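First comes the structure, then the notes that go with it.
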Amino acid sequence: MTDQHPITPPPELFKQWEDDILNERDNVDHVLDCAWRNGFQAGADQELEACCEWIDQNTGRWDLLAELRAARRSKPLSLKAQALKEMDKLDEMWDVTSIEDESLATIRRALESLPD
């Protein structure tokens with residue numbers, strides 16, 4: 001292969017994956033799964049940066065860059081936020097007695113008191 005596509009992960013990343021596979025022979029399936037995910041992420045990150053560069057060079061709208069990055073690379077919910085979301089589901093699903101309702105309220109207060 002003589003021409004490298006512009007959205008190909010860098011050689012250092014391929015080397016890291018190769019080293020991981022050689023070091024984890026017993027867990028090759030897991031390493032390959034991680035390599036696939038990391039490869040797709042690296043390609044998507046490069047594509048996003050190419051889009052941001054194009055916007056910057058062709059529109060002069062640098063204010064859009066941060067918005068674009070935030071929209072395309074949003075952070076996953078924290079464990080606290082995930083737990084509170086599950087509590088909301090429980091509240092909707094269960095017809096609870098006053099004792100169970102008090103228990104759920106205690107759990108919710110504990111979750112809400114945790115730092116983000």
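Kindly identify region 11-72 as rounded, prolate or oblate by the Cα gyration tensor criterion: order the square roots of the eigenvalues as a ≥ b ≥ c, call it rounded if a/c is under 1.5, otherwise compare a/b with b/c, prolate if a/b is larger, else oblate.
It comes out prolate by the Cα gyration axes.
Rounded to whole Hz and in sequence order, give me ³J(HN,Hα) for region 75-80 from the Karplus expression 6.51 cos²θ - 1.76 cosθ + 1.60, θ = phi - 60°, writing x for Gly and Pro.
Rounded to whole hertz, the list is 7, x, 4, 5, 4, 4.
Pop a pseudo-label 7 angstrom from the Cα along the beta-carbon direction at both Asp116 and Leu64 and give the gap in nm to one decimal.
Result for the modelled spin labels: 2.8 nm.
Label Thr8 and Gln41 with points 7 Å out from Cα along Cα→Cβ: what is the distance between them in nm?
2.2 nm
Extension gain Ile107-Lys80, at 0.36 nm per residue separation less the Cα-Cα distance, in nm?
8.6 nm
Hand me the chymotrypsin sites (Phe, Trp or Tyr not before Pro) from region 8-62 located in a DSSP loop with no more than 12 other Cβ atoms within 10 Å, in residue order please.
Trp62
Arranged by the count of other C-beta atoms within 10 angstrom, fewest first, what order do Met87, Met93 take?
Ascending Cβ contact count within 10 Å gives the list Met93, Met87.
How much length is gained on full extension from Leu48 to His30, taking 0.36 nm per residue of separation minus their Cα-Cα distance?
Extending this stretch completely gives an extra 3.8 nm.
Bear in mind that the values in this text are calculations on the coordinates, not laboratory data. Keep in mind that what you see is a predicted model, and the values were worked out from it rather than measured. Cβ coordinates were reconstructed from backbone atoms using ideal geometry, including for glycine residues, and neighbour counts include every protein chain displayed.
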